[in-house]
């Protein structure tokens, strides 16, 4: 009888241990408008990870790759280019691998770009999978609590949350919404468009000029140059007294204007976390819905 009791106690301790150390919820740290989380990578120790949703690959520098990855666990794939480029940076690609990466107790399965002189690990959190619990695969960003966690459908309060319809999810989540803007000069307009939910966008909203030029011109919205501290022109934007995207409204928003878009597929703009303030965003890729408040 004592032996059975000991076995039962050991089993209970094992279950409790698994629950304690199961990592599908993460605290996020905000730095210069970007969100970082700390998680174990491949059970080789914890790393600071930049949470992104504007790509479907992992980016990692050589030092971090050597620390957290085993080269033999992955197959090498052909590189499309010797350089990895985005709107924000350009780095020389050392190699591209394919395989599974463990992030906490979540799984990534895809391409890994090892970059030269790159000091970050960028993880596309929207493609991570909770393989241990397939009922908890909705991805919740709570910007007030600064947490990212994988939850079930019971976490959605339909009485308090609005929805965007996802029209494509890879390589980034794109949703459709109406956009209303009133600038500081009494001009206003409304349009419908496609927008990227972009965790790496430190601004509330960027518009892609190629796809919103008629909207800006027809409504006489005032676009002005943006300058750095030395008064050099570093871009263009407009100041919105009022902005509403779907049912989410804000006042006093600086909207950036980009001259080009790497994937110029009729996308009107890129939406960053700051548009939602202290709200919550939940991605439900299985049902093509983004919940927000």
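None of the figures in this text is laboratory data; all of them are computed from the coordinates on show. As the structure is a computational prediction, the values presented were derived from the model and not from experiment. Here the Cβ is made from the backbone with ideal geometry for all residues, glycine too, and neighbour counts use every protein chain on show.
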Between the stretch 35-55 and the stretch 152-180, the Cα center-to-center distance that results, in Å: 24 Å
Using helices alone, I'd like the mean residue ellipticity at 222 nm for the chain: each DSSP H run of four-plus residues gives -39500 (n - 2.57), total over residue count, nearest 500. -4000 deg cm²/dmol
Using the eigenvalues of the Cα gyration tensor, what equivalent ellipsoid semi-axes result for the stretch 23-153 when each is taken as the square root of five times the eigenvalue, whole Å, largest first? 24, 17, 13
Treating the angle as unsigned and between 0 and 90°, give the value, to the nearest 10°, between the Cα long axis of helix 209-218 and the longest Cα principal axis of the chain. 40 degrees
Out of 123, 233, 96, a Gaussian network model of the chain with alpha-carbon springs under 10 Å gives the largest mean-square fluctuation to 233
Please compute, for the alpha-carbon atoms of the stretch 132-231, the extent along each of the three principal axes and give them in descending order in Å. 51, 34, 28
Treating only the Cα positions of the stretch 219-262 as identical point scatterers, give the base-10 log of I(q)/I(0) from the Debye formula at each q in 0.15, 0.24 Å⁻¹. -0.48, -0.94
So, in nm, how far is label residue 81 from label residue 147 when the simple model puts each one 7 Å beyond its Cα toward the Cβ? 4.0 nm
When the chain is modelled as a GNM with alpha-carbon springs shorter than 10 Å, which of 236, 36, 169 fluctuates the most? 236
Histogram of C-alpha separations across the stretch 156-292, 5 Å bin width, %: 2, 10, 20, 24, 20, 13, 7, 3, 1, 0
Any idea how far the Cα center of the stretch 183-211 sits from the one of the stretch 222-293, in Å? 5 Å
Of 42, 159, 259, the most mobile residue in a GNM of the chain (C-alpha springs, cutoff 10 Å) is 159
Highest mean first, how do 48-56, 187-195 rank when packing is the count of other Cβ atoms within 10 Å averaged over residues? 48-56, 187-195
When each pair of different Cα atoms in the chain is counted once in the 1/r mean, what is the Kirkwood radius in angstroms, to one decimal? 20.9 Å
